[in-house]
1. Which members of region 64-114 meet the condition of being over 17 Å from the mean Cα position of the chain (by Cα) and aliphatic (A, V, I, L, M)?
2. For the list (1) of a type outside the set (Lys, Arg); (2) outside any loop (DSSP other than H, G, I, E, B); (3) within 29 Å of residue 83 (Cα to Cα), I need the number of the one condition that residue 115 fails.
3. Can you find, within region 200-217, the residue that is surrounded by the fewest Cβ atoms within 10 Å (Cβ to Cβ) among those that are touching a Lys or Arg at 6+ places or on another chain (Cβ under 8 Å) and within 27 Å of residue 29 (Cα to Cα)?
4. Within region 121-134, how many residues are surrounded by fewer than 19 Cβ atoms within 10 Å (Cβ to Cβ) and either without any contact (Cβ under 8 Å) to a residue 24 or more places away in the chain or among the aliphatic types (A, V, I, L, M) (or both)?
5. Examine region 230-248 for a residue that is surrounded by fewer than 18 Cβ atoms within 10 Å (Cβ to Cβ), in a helix (DSSP H, G or I) and touching an Asp or Glu at 6+ places or on another chain (Cβ under 9 Å), and state whether such a residue exists.
6. Given the structure, is residue 11 in contact with a helix residue (DSSP H, G or I) (Cβ under 7 Å, 6 or more places away or on another chain), polar (S, T, N, Q), over 25 Å from residue 199 (Cβ atoms) and loosely packed, with under 14 Cβ neighbours inside 10 Å?
7. Select from region 163-199 the residues that are among the β-branched types (Val, Ile, Thr) and over 24 Å from residue 275 (Cβ atoms) and write down the one among them that is surrounded by the fewest Cβ atoms within 10 Å (Cβ to Cβ).
8. Within region 211-224, identify whether any single residue is assigned to a loop (DSSP other than H, G, I, E, B), farther than 19 Å from residue 252 by Cβ and within 17 Å of the chain's Cα centre (by Cα), and answer yes or no.
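What follows is calculated from the coordinates using simple rules that are stated; it is not laboratory data. Fair warning: this is a prediction, and the values are worked out from it, not measured in the lab. Note that we place each Cβ from the backbone using ideal geometry, even for glycine, and neighbour counts take in every protein chain shown.
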Amino acid sequence: MNAGLATAIEQATGAQVVGSAAVGGGSTSTGVAVALADGRRLFAKHTPGAPPGLFRGEASGLAWLAEPGSVRVPAVVAVDDDWLVLEWIDEGPRSADSDEQLGRGLARMHRAGAAAFGAPWPGFAGSVPVPNEPLDDWPSFLAERRLIPIAHAAGLPDEMMRRLDALIPRLPDMLGPAEPPSRLHGDLWAGNHMTDTEGRPVLIDCDAYGGHREVDIGMMLLFGGFGDRVLAAYDEEFPLAPGWRERVELNQLLPLLVHCAMLGGSWFARTDGLLRSLL
């Protein structure tokens with residue numbers, strides 16, 4: 001483990017680092033399991049030369065998602081430009097009860113709301129920097145703070161960009177009933193959900209901000225991995241607006257563009273197919 005990171009952990013915790021081992025850290029970071037002399041374990045994410053604000057934005061988002069107390073998220077221990085240190089959470093088996101808890105907890109987290117569409121910390125979609133300055137309505141925020149900047153970061157071909165430009169003015173009529181901003185996780189695929197040893201759901205690796213909750217739902221359904229009971233419990237706790245299923249594909253455009261920007265390749269064809277189907 002990086003010596004500077006070890007020193008920072010010791011300063012933040014008041015305990016000596018006595019061991020470390022590499023673990024999965026996501027697509028852009030190196031993950032490290034850290035053992036302290038007082039028996040605690042921590043998880044550190046480390047990316048030398050990380051985009052400015054990446055880890056500080058995630059730390060702020062995790063603390064914000066934790067405020068309602070509806071879904072467990074890892075507590076932030078320390079953060080700097082190149083690293084983020086979190087509590088260690090041992091993973092346990094997923095069950096029907098944990099799916100129920102996740103659906104209801106996610107609904108309560110969304111319903112806790114946000115002050116605006118946006119957030120007062122650095123914005124990222126995956127590892128792509130995006131503006132988070134608030135706007136008054138969701139269609140404008142989605143277009144100006146997410147879809148257009150990410151499309152430019154991805155270098156969309158001209159034809160795809162023209163299709164996106166044609167879609168933008170139609171968003172207010174396509175996105176369903178207006179709702180107050182929800183407290184979004186922002187990157188809610190199955191890999192960013194785990195279950196602890198007490199059977200409680202845990203959300204990790206967020207890109208949190210105030211937005212429309214159907215974006216989180218669309219991301220959950222993009223790759224699957226969530227049980228049917230999760231969405232059923234969610235809808236019982238905080239019913240989704242009529243027609244939400246018909247809007248799922250539209251709400252998957254954002255994560256597909258993020259994949260274009262981060263991974264390229266076949267994601268362009270998949271995203272272009274979605275754009276064509278939406279027009």
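1. Matches in region 64-114: 77, 78, 79, 85, 89, 96.
2. Of everything listed in (1) of a type outside the set (Lys, Arg); (2) outside any loop (DSSP other than H, G, I, E, B); (3) within 29 Å of residue 83 (Cα to Cα), residue 115 misses just condition (2).
3. Ranking the qualifying residues of region 200-217, first place goes to 200.
4. Number of matching residues: 2.
5. yes
6. no
7. That would be 197.
8. no
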